[in-house]
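Every read-out reported here was derived from the displayed coordinates using simple, explicitly stated rules and does not represent laboratory data. On a predicted model such as this, the values are computed, not experimentally measured, just so you know. Glycine also receives a Cβ, built like all others from the backbone with ideal geometry; neighbour counts cover every protein chain displayed.
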Amino acid sequence: MKTPAILSIEPPPRVLVTKIGFDGHDRGSRVIAAYLRDAGMEVIYTPPWQEIQAVVKLALEEDVDVIGVSSLATDHLIVPKLMLALRAAGLDDVGVVVGGIVPDADEAELLSAGVKRVFHPGSALDDIVGEIHRITRDTRSRRAATQA
């Protein structure tokens, strides 16, 4: 694996990398988690088979900026339920990205549900890092605006 580009945001982005549903293929999520860590981010990694409420609880407890959901089966289809649960918990400022095998029609549904970005197989790792930084800046701006 190549060395990631390290961009400066203080404090570093806090990213929850998880898999919801019954998809147990976690190699890609482990690679992404390690790369984000190497890029200077704080990464909270969960094992596969997480329930939506567990992810919401962890996002709240860990005060994350971004949640990355990995999907190699069709578990990305339950991400809209995750988005609703985040809103219900008052975490609608948390950015959500999805990575994995997502058909175009499903990608449109995810984006309309509020997902910030979908990364497909072969996405450049540095592009992922750059996008996580952008989403983190947006998340923190929204939080600051609501606290003012």
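Taking amide H positions as placed 1.01 Å from N in the peptide plane, with prolines and chain starts having none, which residues 5 or more places from Ser71, or on another chain, fall under 5 Å of its amide H?
Gly99, Gly100, Ile101
Neighbouring Cβ atoms within 10 Å as the yardstick, rank Thr146, Thr74, Thr18 fewest first. Present the calculation step by step, with values, prior to reporting the outcome.
Numbers: Thr146 9, Thr74 14, Thr18 24.
Ordered by Cβ neighbours within 10 Å, fewest first: Thr146, Thr74, Thr18.
Note down the nm distance, to one decimal, between modelled labels 7 Å out along Cα→Cβ at Arg87 and at Ala113.
1.2 nm
Fewest to most neighbouring Cβ within 10 Å: what's the order for Leu111, Leu125? Each step should come with its number before you reach the end.
Numbers: Leu111 13, Leu125 19.
Ordered by Cβ neighbours within 10 Å, fewest first: Leu111, Leu125.
Could you give me the ³J(HN,Hα) list for segment 79-95, computed from phi with Karplus coefficients 6.51, -1.76, 1.60 and θ = phi - 60°, whole Hz, x at Gly and Pro?
Whole-Hz 3J(HN,Hα) from phi for segment 79-95: 4, x, 5, 4, 4, 5, 5, 5, 4, 4, 8, x, 10, 6, 7, 6, x.
Aspartates and glutamates within cross-link reach of Lys57: Cα-Cα under 18 Å, excluding same-chain residues under 8 positions apart?
Of all the aspartates and glutamates, those that pass the test against Lys57 - Cα under 18 Å, at least 8 places apart if same chain - are Glu42, Asp65, Asp92, Asp93.
Would you mind getting me the FRET efficiency between Leu60 and Arg134? Use the beta-carbon distance for r and R0 = 25 Å, nearest 0.05. Let's see the in-between values first.
Values: r = 23 Å, r/R0 = 0.91.
Between Leu60 and Arg134 the formula returns 0.65.
In nanometres, what is the gap between the two model label sites at Phe22 and Asp127, each 7 Å from Cα along Cα-to-Cβ?
So the label points at Phe22 and Asp127 sit 3.2 nm apart.
Please report how far the C-alpha centroid of segment 117-148 lies from that of segment 34-87, rounded to the nearest whole angstrom.
Distance between centres, Cα-based: 14 Å.
List the residues whose amide H sits under 5 Å from the amide H of Val43, counting only those 5 or more places along or on another chain, with H placed 1.01 Å from N in the peptide plane.
Val15
Between Glu42 and Ala148, 0.36 nm times their residue separation minus their Cα-Cα distance comes to what?
Values: separation 106, 0.36 × 106 = 38.16 nm, distance 2.58 nm.
35.6 nm is the gain from fully extending Glu42 to Ala148.
Along segment 125-135, what does the Karplus equation 6.51 cos²θ - 1.76 cosθ + 1.60 (θ = phi - 60°) give for ³J(HN,Hα), rounded to whole Hz, x for Gly and Pro?
Karplus-based 3J(HN,Hα) across segment 125-135 equals 4, 5, 5, 5, 4, x, 5, 4, 5, 4, 5 Hz.
If amide hydrogens are placed 1.01 Å from N in the peptide plane, which non-local residues have theirs closer than 5 Å to the one on Arg117?
Counting only residues 5 or more places away or on other chains, the set is Val98.
I'd like the projected area of segment 1-100, averaged over all directions, using the convex hull of its alpha carbons. Report it in nm² with one decimal.
Details: hull surface 24.0 nm².
Here the figure is 6.0 nm², rounded to one decimal.
Projected onto the charge dipole of segment 1-114 (+1 at Lys/Arg Cβ, -1 at Asp/Glu Cβ, origin at the Cα centre), which of Ile52, Val102, Leu72 gives the Cα projection farthest towards the positive end?
Positive-most Cα among the choices belongs to Leu72.
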